[in-house]
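Comments concern the structure below.
Read-outs throughout are calculated quantities, based only on the coordinates presented, and are distinct from any laboratory measurement. No experiment lies behind these values; they were computed from the predicted model shown. Cβ coordinates were reconstructed from backbone atoms using ideal geometry, including for glycine residues, and neighbour counts include every protein chain displayed.
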């Protein structure tokens, strides 16, 4: 089968690619950029993915542009639901690219991560596939987590420290501050007031 695999990053693609190829599938990667902030982080993930994909013979389609503003508009005032918004955006884009590339199905490396809500992603992928008229290929890649981590480290690949968006980067730093008992920065003064 010809499959489009939405790829979050290089390290998360190792195991899904191996498994899908072992089943005899022809795989093309798709890197969706708009949810990854800041741009320097996006470029680092993209460069890591493309360098590794080149060595693996994996063709990768990269989403054009960098619509940071559009992403932020879609999640502003909906921050509590931002991950679902982000999942849907990436899955919808993947389904559209899969159809354009004449693929028979699409899938995602989100199904590899132990940190993502797996059943939410599966249900959403299946719904998006029905809406777009292309099959969503479900696979649970999580049992390959340790294998992927070990291989990415062996290869010296860049491994990101947060999911992707600016909100998840903030959460990463706040978690670190709590672990280290570093006080949170003071709140900014109210408009029109000085300290």
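A few notes on this one:
- Helix axis angle, 118-132 relative to the chain longest principal axis, alpha carbon, degrees: 60
- Dividing the summed helix terms, -39500 (n - 2.57) for each DSSP H run of n ≥ 4, by the number of residues in the chain produces a 222 nm estimate of -15000 deg cm²/dmol to the nearest 500.
- Mean separation of Cα contacts under 8 Å, 6 or more apart, over the residue count of segment 107-165: relative contact order %: 34
- Taking packing as the residue-averaged number of other Cβ atoms within 10 angstrom, the listed peptides 165-174, 12-21, 63-72, 100-109 run from highest to lowest as 12-21, 100-109, 165-174, 63-72.
- Rounded to 5, percent antiparallel among DSSP beta bridges of segment 2-167: 0
- Residue of 82, 90, 45 that the Gaussian network model of the chain assigns the largest fluctuation, springs spanning Cα pairs under 10 Å: 82
- Rel. contact order, % - alpha carbon contacts under 8 angstrom, at least six apart, the chain: 27
- 0 to 90° range, to nearest 10: angle between helix 145-154 axis and the chain longest Cα axis: 80
- To the nearest ten degrees, helix 166-179 and the longest principal axis of the Cα atoms of the chain are 60 degrees apart.
- Candidate values (1) 31, 20, 15; (2) 61, 16, 13; (3) 37, 21, 13, label of the one derived for semi-axes √(5λ) of the Cα gyration tensor in Å: (1)
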